[in-house]
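Any read-out appearing in this document is the output of simple, stated calculations on the displayed coordinates, not a laboratory observation. Quick caveat: nothing in here was measured; it's all calculated off a predicted structure. All Cβ positions, even for glycine, are placed from backbone atoms using ideal geometry, and neighbour counts span all protein chains on display.
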Amino acid sequence: MAQGGKEKVRIKYYEDNMTKTQHLMAYLGFSAAIGVILYIYYHLWIVAIVGGLLVGIFQEKNYSKSVIRKRQARLKLQFKEFLEIVSISVSGGSGRSLENAIADSLRELKMVFNADADIVREVALIVSDYEQAGIPMVKGFEELGKRSEIDDIMSFATIFKTIEGKTSDFGYIIAQTRDIIKDKVEITMEIETSITSAKSEAYMMLVLPLVLIIVMSAMGSGFLDSLFTTFVGRVSATFGVVCTFASYVIATRVTEIEV
């Protein structure tokens, strides 16, 4: 048992950690949204229901992958804050060991985040293994790096292993490591900020055709009747649906950044 009587759960962050209920709710939500889009284009309930249920499977899988990426990104940001706290602790020249600084960082991590945050739980596991089972902390960080597949954590574990017991200047080395990781995170955030407006514009362009069809259909002039009743109209609607979903996939994929 871990500190506080909680079970030592070691999450694999590269795997899907959503519950069955979360999967079901996401699937139903996407199926309903896609069904509405298909009905707007075809005005056929059977197409909307069947198409929504089928395409919803694909979209739910993509959503699950995005949840994994977001959790890994959140852990990376939290790890940066962890390094900041540890670096300040060991750079004061008080002769404190790196292990003590990591153990003491838990208190501040809980103040910055919360007791259920991933970084708090992971550091607590590492500290617990070290204090109760004598497992070196470097082993804990190596294992966390493998479970998270985050390069920054793997790099820290490698540096930790290299300097462990070999130098008294680990405060400077930790500070340098913190600065490198901090720069990487800031670059990523700047890139993400720069594409936010473009991403919003892309989504607006996807919504506009749906709005136009709804407005023109609601006018009651019969202007779009051929779109819903003729062969050419169905082909045109199908082309519009394909373009809409293809544009959505492209807009989503191009915003996935690896730094």
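Couple of notes before you dig in:
- Relative contact order (%) - criterion: Cα under 8 Å, at least six apart; region: segment 3-186: 22
- Euclidean distance of C-alpha centroids, segment 46-60 and segment 106-177, integer Å: 44
- 25 Å tail of the calculated P(r), segment 3-186, as % of Cα pairs: 46
- Counting only DSSP H runs of at least 4 residues, each contributing -39500 (n - 2.57), and dividing by the residue count of the chain, the helix-based mean residue ellipticity at 222 nm comes to -27500 deg cm²/dmol.
- Per-selection metrics, segment 124-187 (Cα): Rg and Dmax in Å: 12.5, 39
- If the chain linking V235 and A115 were pulled fully straight, counting 0.36 nm for each residue of separation and taking away their Cα-Cα distance, it would gain 37.7 nm.
- Hits among lysines - C-alpha to C-alpha of K161 under 30 Å, sequence gap 8 or more where chains match: K6, K8, K12, K70, K76, K80, K110, K139, K146, K182, K184
- By average C-beta atoms within 10 angstrom, highest first, the peptides 100-110, 76-86: 76-86, 100-110
- Computed over segment 43-120, the quotient of the alpha carbon radius of gyration and 2.2 N^0.38 Å is 1.91.
- Report note on the peptides 124-132, 179-187: ranked by the mean count of other C-beta atoms within 10 Å, highest first, their order is 124-132, 179-187.
- Stretch gain in nm, segment S97-S226, where the contour uses 0.36 nm per residue and the Cα spacing is subtracted: 38.8 nm
- The share of Cα pairs per 5 Å bin across segment 77-138, counted from zero up to the longest distance, runs 4, 20, 29, 24, 17, 6, 0 percent.
- Ranked by the mean number of other Cβ atoms within 10 Å of their residues, highest first, the peptides 24-37, 236-249 fall in the order 24-37, 236-249.
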